[in-house]
Amino acid sequence: MKRKLVVGNWKMNGDLRRNARLLEGVVRDLPDGIDCAVCVPFPYLPQVQEMVAGSRLRLGAQNVSEFADGAYTGEISAAMLADIGVQFVVVGHSERRALFGETDDAVARKALAALGRGLTPIVCVGETLAERDEGKVEAVLERQLNALTAAMEAGQLARLVLAYEPVWAIGTGRAASPAQVQEVLAFIRAWLRERVVDADAVTVLYGGSVKADTAGTLFGLPDADGGLIGGASLDSAQFLEICKAAAAVSPDKVD
Ligand code: PGA
């Protein structure tokens with residue numbers, strides 16, 4: 001069993017004052033025994049990097065260009081993120097897929113670009129409610145995951161963090177049930193087992209309306225290695241409660 005990973009996704013929220021207040025508490029009270037990162041809007045990366053320096057809180061971004069450099073106005077490259085100390089980057093969040101037209105293939109290229117610069121991509125996958133109602137959960141996940149294998153080698157696949165985020169559970173206050181989460185995480189793990197040498201070593205997260213009172217149960221599931229937290233990561237007390245719940249189900253000794 002590995003240490004739990006808790007990642008906050010601030011989405012398009014925050015300002016200098018609010019970020020400082022939020023992070024002060026998180027940096028001060030972050031429990032031992034887990035890995036933790038916050039993925040913040042691009043303009044605040046330097047501010048947050050300065051605030052987390054010397055702490056165990058890691059820095060993440062929410063998007064990255066699939067291109068290396070050059071005439072791509074408005075894009076931010078993996079090299080730029082690595083240059084300023086970013087370690088994680090969310091790739092293929094359902095909001096980017098739905099609102100900004102990111103395809104499975106583009107998501108895979110972004111993940112590859114991030115890996116190429118030593119960043120850890122957190123690749124989000126998940127079905128809509130309509131797809132779930134039509135019994136297509138596994139088909140959708142397989143399509144999203146297979147795009148990754150088409151773009152990268154097994155060794156690269158093994159370095160990704162995968163986040164199962166059912167679209168219907170994001171920002172709705174309606175987290176998937178533990179049984180629903182475990183079923184899909186086990187499917188992802190089985191998919192990994194056929195493709196990478198040590199599938200159990202790959203970090204697989206759950207995200208979607210995780211709150212302090214559900215985090216312990218969800219992160220304690222056999223195939224859950226932690227969570228991706230949206231709304232609740234904007235409140236330091238709530239985020240810390242989630243981190244503590246993760247610590248409580250994290251192994252003391254990492255093997
Ligand atoms: P939520 O968002 O926790 O607000 O549901 C999760 C996410 O979008 O990563």
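Quick notes on this one:
- Using the Cβ-Cβ distance between Ile84 and Met1 with R0 set to 51 Å, the FRET efficiency works out to roughly 0.95.
- Inter-part distance where the stretch 93-134 and the stretch 1-80 are each reduced to a Cα centre, Å: 18
- Counting heavy atoms of the protein chains alone, Tyr72 has an accessible area of about 90 Å² for a 1.4 Å probe.
- Accessible area (Å², per residue) of the chain, counting only protein heavy atoms and a probe of 1.4 Å: 45
- Check: the chain dipole with +1 on Lys, Arg Cβ and -1 on Asp, Glu Cβ, in debye: 460
- Comparing Ala71, Ala199, Ala176 in a Gaussian network model of the chain where C-alpha atoms under 10 Å apart are linked, the largest mean-square fluctuation is found at Ala71.
- Cα gyration tensor shape for the chain, rounded if a/c is under 1.5, else prolate or oblate: rounded
- Note on the stretch 101-230: dipole from Cβ charges, positive end direction compared against Ala154, Leu185, Leu218; the farthest Cα belongs to Ala154.
- Computed with every protein chain present, the accessible area of Glu134 is close to 110 Å² [probe 1.4 Å].
- Percent carbon-and-sulfur accessible area, the chain, ignoring ligands, DNA and RNA, probe 1.4 Å: 51
- When +1 charges are put on Lys and Arg Cβ atoms and -1 charges on Asp and Glu Cβ atoms, the dipole computed for the stretch 1-96 relative to its Cα centre reaches about 440 debye.
- Accessible surface of Phe100 - all protein chains present, 1.4 Å probe, nearest 10 Å²: 130
- The magnitude of the dipole of the stretch 69-185, with charges of +1 and -1 set on the Cβ of Lys/Arg and Asp/Glu and taken from the Cα centre, is near 220 debye.
- Considering only beta bridges that DSSP places wholly inside the stretch 2-77, some 0 percent are antiparallel.
- Sequence-distant residues sharing a close amide H with Gly8 (under 5 Å, placed H): Ala37, Val38, Cys39, Ile229
- At most 15 other Cβ within 10 Å, DSSP loop - GluC sites (Glu not before Pro), the stretch 36-133: Glu75
- Where Lys2, Lys136 fall by accessible area, highest first, once all protein chains stay in place (1.4 Å): Lys136, Lys2
- Farthest towards the positive end of the charge dipole of the chain, among the residues Leu57, Ala130, Gly116, is the Cα of Leu57, using unit charges on the Cβ of Lys, Arg, Asp and Glu.
The values are calculated or read from the model by the stated rules, or taken from the named source; none is laboratory data. Everything quoted here is computed from the prediction, not taken from an experiment. Heads up, the Cβs are rebuilt from the backbone with ideal geometry, glycines too, and the neighbour counts pull from every protein chain shown. Remember, those area values only see protein heavy atoms, side chains included, never the ligands or the DNA or RNA. Shrake-Rupley method; radii C 1.70, N 1.55, O 1.52, S 1.80 Å.
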